[in-house]
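Novice: Here it is, the structure, as structure tokens.
The values are calculated or read from the model by the stated rules, or taken from the named source; none is laboratory data. Since this is a predicted model, take the numbers as computed values, not measurements. Cβ coordinates were reconstructed from backbone atoms using ideal geometry, including for glycine residues, and neighbour counts include every protein chain displayed.
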Amino acid sequence: MNMTKHIACASALRVNPIWLALSTALVFPSVLYAEEKSQTLDIDNVSVTGNPLGVASDDMVVPVSVLSGRELSLRRQNTLGETLNGIPGVTATQFGPNASRPIIRGLDGERVRIMQNGVGILDAGSLSFDHAVAVDPLVIEQIDVVRGPAALLYGGSAVGGVVNAIDHRIPKESLDGMTGRAEAQFGGPDNTRNGAAVMDAGNGVFAIHADVYTRETSNLEIPGYAVSKRKSRADGTPRDEKGDGKLNNSSALANGGALGAAWTFDTGYLGISYASLNNNYGVVNEDDVRIDMDQERWEVAGEIRELSGPIQKIKLRMAHTDYKHVEIEGGEIGTTFKNRGMEGSLEATHVPWAGVNGVVGYQFQNTRFQALGEEAFVPSVVTQAQSVYVYEELPIDRHKITFGARVGESSVNSSADDVFTQAFSNRFNPNSLALGGLYTINDAWSATANLSHNERAPSYFELYANGEHVATDQFEIGNADLNKEISNGIDAQLKWKSNGNSITLGAYATRFQNFIGLFNSGATDPGTGLAIANFQAVPALFTGLEMEGKFALNDEWTLKMRGDYVHAKDTRNNDYLPRISPLRLGGGLDYRLGAWNARVDVLHAFKQSDVAENELKTDGYTNLSALVAYKLPLNTYHVQVFAKANNLLNDEIREHASFLKDISPAGARSILIGARADF
């Protein structure tokens, strides 16, 4: 594969026939039909990730956020990280506009579990910050974010939290007829041109699903120079080295789609789906490097309810993923990354025993990762893991006590080759425990608390990395003698809700016995001239606060508030840990009248001066945004057009959690227009 092929692919994408179908659906909406649907999301009745019993988010003992429907449509960005950035407790790695993973409470990488339909995505996103998450928000129907330890249900890699992207590619409910949506967006700081179409059809017994999407962006427009003043003063880097007014090598081309089918019946479903994803994007810290990503994913899911005997329900989820991306340097393939494997879970809900409701489950994962080429800084690795878990709830009047435990085992085995001459084998037994409770004070007030003990097996790159990692501009060295990472945490919330008004105040603390991090050694590799960074385990303490509120001022106006703060230190020497987001406070006004909806929102991030050694400080910023949407007066279908303005103050926004904060700011002042049609 060479750059000529990629240029040809780009040309093909620009005239992709998908655009014709999308344009037809949006410009001539008479092809859409069905009764108008309610677009109001009732959070109280939405079952969310983090509780296998399917309770509403208000009954969870850990904080959870849900995005779906039109709210998700209006928040969509090019990456999963940027779509979620700004939710209390959630920031993003922001490695340019095309690769951004969610960070939850200062924790990222292997400590945040990113799933698709409850199964891990099995890409290479946690290996390197320039690797995009293999999920495109365009076709996602709901995103659940569980903040805080969810390792009990999803393994030790969820100690920071869980992000579950739900796409409904396997229909779970009986459908007699056809339904779907189409949407497109144009504009923004990267001149995006994207669109998606989703359709579901069925005869009451069998249901099928199809979706397709395409996305193209240009180099990101930025407010001034790409290189920060601080970096230029620190090392003499010219401020225009990565761009002036536009961010060099930040364009992208992406498309994909899926087919799914399911047999639905009164007490369950059984289905299968196939999805393909392609993404070609520039790596902004290297002007001549692009990543070309391909993924194929098969999923099987099923559920049987209302069983007789001690088991009420059985649920199966399983996915096989074949992931590959190549890094193209100057038109030639430099390094190839592959990850192929299977992950799944089998879960059984038992009948109440002495008033206790709960589930028992089994989860497994088997993956083979390969890095091939001149910049392969990790060896080929086979990772196998399995675990059993139990989760129980005991209702006591309007209160609730929850308990859970997980027992697991995992093995990480590397191969020897010409570059990595020694093979390694590591085995771990990570276990987790949690005890929580919900106390209902009165009809308006409630309090929740959760105590957790979490253990995480080190990842393959933390164990075996040994080479030049251009994305972080370091020579990374793993430690095959690392033990499992152990942490203990407490999370508490105070909630008030009355007549559509609500406020939630939360606090948490997580103490790591041996937090595994990448730390600059202060030495330089003689062969590459790069700074040597070692993976090592240190004691650490993460504490933080979160706040979210909503108040209906009258029938038309709603006031919203949010805020978060993270404080993280290496407790050996009381040093700050790197890339921790500063205090953020935000608020907004939402106006609704008839077919009109408008909102204005402001988020202020304060200056981050609490930095690690060899880390630059970050100035504060204020992001002022606005939106206006209008529902067309059509009787038989629903079409909404909208316009979004972002960074209206044209502020220089640099996310402190980003490795590239000093060479890659967020986008300049911009306007994006879009439309969504439901049928």
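Novice: Would you mind stating whether Asn574 is polar (S, T, N, Q), under 30 Å from Leu518 (Cα atoms) and free of Cβ contacts under 8 Å to residues at least 12 places away in the same chain? Break it down into steps so the answer makes sense when it comes.
Specialist: Working: polar (S, T, N, Q): yes; under 30 Å from Leu518 (Cα atoms): yes; free of Cβ contacts under 8 Å to residues at least 12 places away in the same chain: yes.
In short, yes.
Novice: Output the residue which, of all residues in the stretch 506-537 that are β-branched (Val, Ile, Thr), in a strand (DSSP E or B) and modelled with pLDDT under 95, is surrounded by the most Cβ atoms within 10 Å (Cβ to Cβ). First the steps, then the outcome.
Specialist: Step one: list which residues in the stretch 506-537 are β-branched (Val, Ile, Thr), which gives 510, 516, 524, 528, 532.
Imposing the further condition that a residue be in a strand (DSSP E or B) reduces the set to 510, 516, 524, 532.
Next cut, modelled with pLDDT under 95 only: 516, 524, 532.
Details: Ile516: 24, Thr524: 12, Ile532: 17.
Looking at residues that are β-branched (Val, Ile, Thr), in a strand (DSSP E or B) and modelled with pLDDT under 95, I get Ile516.
Novice: Among the strands (runs of 3 or more DSSP E) confined wholly to the stretch 180-269, which include 3 or more residues that are at negative phi?
Specialist: On the way: elements: 192-203, 206-217, 221-225, 244-246, 252-265.
Per the criteria, 192-203, 206-217, 221-225, 252-265.
Novice: Quick one: Ala598 ticks every box in (1) assigned to a strand (DSSP E or B); (2) within 26 Å of the chain's Cα centre (by Cα); (3) of a type in the set (Gly, Ala, Ser) except a single one, so which number is it?
Specialist: Failed condition: (2).
Novice: Looking at the stretch 546-564, I want the residues that are touching a residue at least 12 places away in the same chain (Cβ under 8 Å) and farther than 16 Å from Val64 by Cα and have a partner that is of a type in the set (A, V, I, L, M) and not in a strand (DSSP E or B) with Cβ atoms under 8 Å, at least 6 apart or on another chain. Which pairs are those?
Specialist: Leu559/Leu553
Novice: In the stretch 668-679, which residues are among the small types (Gly, Ala, Ser) and either part of a strand (DSSP E or B) or at pLDDT below 95 (or both)?
Specialist: Step one: list which residues in the stretch 668-679 are among the small types (Gly, Ala, Ser), which gives 668, 670, 674-675, 677.
The answer is Ser670, Gly674, Ala675, Ala677.
Novice: While we're on this one: Does Arg111 fit the bill of being in contact (Cβ under 8 Å) with a residue 40 or more places away in the chain and surrounded by fewer than 22 Cβ atoms within 10 Å (Cβ to Cβ)? Let's see the steps before the verdict.
Specialist: Details: in contact (Cβ under 8 Å) with a residue 40 or more places away in the chain: yes; surrounded by fewer than 22 Cβ atoms within 10 Å (Cβ to Cβ): no.
No; evaluated as a whole, the condition is false for this residue.
Novice: Of all residues in the stretch 198-237, count the ones that are under 20 Å from Glu655 (Cβ atoms), touching a Leu at 6+ places or on another chain (Cβ under 7 Å) and either at pLDDT below 95 or not β-branched (Val, Ile, Thr) (or both).
Specialist: Final tally of qualifying residues: 6.
Novice: From the residues in the stretch 130-161 that are in contact with a helix residue (DSSP H, G or I) (Cβ under 6 Å, 6 or more places away or on another chain) and at pLDDT below 90, which one is nearest to Gly86 (Cα to Cα)?
Specialist: Here the residue is Gly160.
Novice: Another one. Among (1) under 23 Å from the mean Cα position of the chain (by Cα); (2) assigned to a strand (DSSP E or B), where does Ile503 come up short?
Specialist: Tallying (1) under 23 Å from the mean Cα position of the chain (by Cα); (2) assigned to a strand (DSSP E or B), Ile503 fails exactly one: (1).
Novice: In the stretch 472-489, which residues are hydroxyl-bearing (Ser, Thr, Tyr) and closer than 29 Å to Thr528 by Cβ? Break it down into steps so the answer makes sense when it comes.
Specialist: The first filter runs over the stretch 472-489 and keeps only residues hydroxyl-bearing (Ser, Thr, Tyr), leaving 472, 487.
The answer is Thr472, and nothing else.
Novice: Another one. So, in the stretch 639-653, of the ones that are out of contact with any helix residue (DSSP H, G or I) (no Cβ under 9 Å at 6 or more places or on another chain) and surrounded by 18 or more Cβ atoms within 10 Å (Cβ to Cβ), which residue ends up nearest to Val470 (Cα to Cα)?
Specialist: So the residue we want is Ile653.
Novice: If Ala234 satisfies all but one of (1) closer than 25 Å to Val139 by Cβ; (2) more than 23 Å from the chain's Cα centre (by Cα); (3) small (Gly, Ala, Ser), what's the number of the condition it fails?
Specialist: (1)
Novice: List pairs: first in the stretch 399-414 and within 28 Å of Ser380 (Cα to Cα), second surrounded by fewer than 16 Cβ atoms within 10 Å (Cβ to Cβ) and of a type in the set (Ser, Thr, Tyr), Cβ under 6 Å, 6+ apart or cross-chain?
Specialist: So the pair list comes out as Asn413/Ser425.
Novice: Another question, if that's okay. Does Thr336 qualify as being of a type outside the set (A, V, I, L, M), at pLDDT 95 or above and touching a strand residue (DSSP E or B) at 6+ places or on another chain (Cβ under 6 Å)? Explain how you work it out, then say what you get.
Specialist: Values: of a type outside the set (A, V, I, L, M): yes; at pLDDT 95 or above: no; touching a strand residue (DSSP E or B) at 6+ places or on another chain (Cβ under 6 Å): yes.
Taking the combined requirement at face value, the residue does not satisfy it.
Novice: Let me spell it out: the conditions are (1) outside any strand (DSSP E or B); (2) at pLDDT below 95, and Pro582 meets all of them except one. Which number is the exception?
Specialist: Tallying (1) outside any strand (DSSP E or B); (2) at pLDDT below 95, Pro582 fails exactly one: (2).
Novice: Further, regarding this structure: Testing Glu173 on (1) crowded, with 21+ Cβ neighbours inside 10 Å; (2) at pLDDT below 95; (3) over 24 Å from the mean Cα position of the chain (by Cα); (4) not basic (Lys, Arg), one condition comes back false. Which one is that?
Specialist: The number of the failed condition is (1).
Novice: Using the structure shown, decide if Thr636 is in contact (Cβ under 8 Å) with a residue 24 or more places away in the chain, out of contact with any strand residue (DSSP E or B) (no Cβ under 8 Å at 6 or more places or on another chain) and over 25 Å from Phe519 (Cβ atoms).
Specialist: Yes, satisfied.
Novice: In addition: Condition first: assigned to a strand (DSSP E or B) and farther than 26 Å from Ala434 by Cα. Now tell me which residues in the stretch 458-497 satisfy that.
Specialist: Step one: list which residues in the stretch 458-497 are assigned to a strand (DSSP E or B), which gives 466-469, 474-477, 485-497.
Within the stretch 458-497, Asn466, Gly467, Glu468, His469, Gln474, Phe475, Glu476, Ile477, Lys497 meet the criteria.
Novice: To continue, here is another question. From (1) over 20 Å from Ser581 (Cβ atoms); (2) surrounded by fewer than 24 Cβ atoms within 10 Å (Cβ to Cβ); (3) not acidic (Asp, Glu), pick out the condition that doesn't hold for Val90.
Specialist: (1)
Novice: Just the residues that are under 27 Å from the mean Cα position of the chain (by Cα) and of a type in the set (A, V, I, L, M), please, taken from the stretch 352-371. Write out each step before concluding.
Specialist: Kept after step one, since they are under 27 Å from the mean Cα position of the chain (by Cα), are these residues of the stretch 352-371: 359-371.
The answer is Val359, Val360, Ala371.
Okay, residues lined up against (1) touching a residue at least 24 places away in the same chain (Cβ under 8 Å); (2) surrounded by fewer than 21 Cβ atoms within 10 Å (Cβ to Cβ); (3) not aromatic (Phe, Trp, Tyr):
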| site | (1), (2), (3) |
| --- | --- |
| Glu299 | yes, no, yes |
| Ile304 | yes, yes, yes |
| Ser308 | no, yes, yes |
| Ile328 | yes, no, yes |
